[in-house]
């Protein structure tokens, strides 16, 4: 053990230099399936769950994902293994409660995608594959839309005042008229 001590010290210093930190606090809010607020040093901080992406609130299963996350963590003490910050200033981290990884549970229950753009986690990949095969949650839908595609489509959609009314759309289909 003594001969490995210098390696352990270097590893610990490297982890500290990367800014990775673990903190615990009470979960005081759940914004959506993959964003929670946790008390840290007397202040609520937003934490974006790492390596997953839950359906948006206006998507199928978006509300269920938020309810599921709330059921696991709200008003409970959680541990956050912080891995950085996102472009919105939220902490990114793996959240556990009583030893249960919240990200894994969301993916296992078909309420989140493994976000392979940012993660190569083998456990999350396996859990998503199993959830797809079992057709649970979003995987019960005929063609689930990943949240990142949903967000992208919303950004490119015309403003509401330029979108035709639903009845007008039906009328256009009948007459063959094209939307302006």
Of (1) exposed (fewer than 15 other Cβ atoms within 10 Å of the Cβ); (2) more than 23 Å from residue 38 (Cα to Cα); (3) in contact (Cβ under 8 Å) with a residue 12 or more places away in the chain, residue 100 satisfies every one except (2)
Of the candidates 28, 22, 45, the one satisfying the condition of being under 15 Å from residue 96 (Cβ atoms), out of contact with any helix residue (DSSP H, G or I) (no Cβ under 6 Å at 6 or more places or on another chain), at pLDDT 95 or above and surrounded by 11 or more Cβ atoms within 10 Å (Cβ to Cβ) is 22
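The values are calculated or read from the model by the stated rules, or taken from the named source; none is laboratory data. Keep in mind that this is a model prediction, so the values were computed, not measured. As a convention, Cβ positions derive from the backbone with ideal geometry for all residues, glycine included, and neighbour counts pool all protein chains shown.
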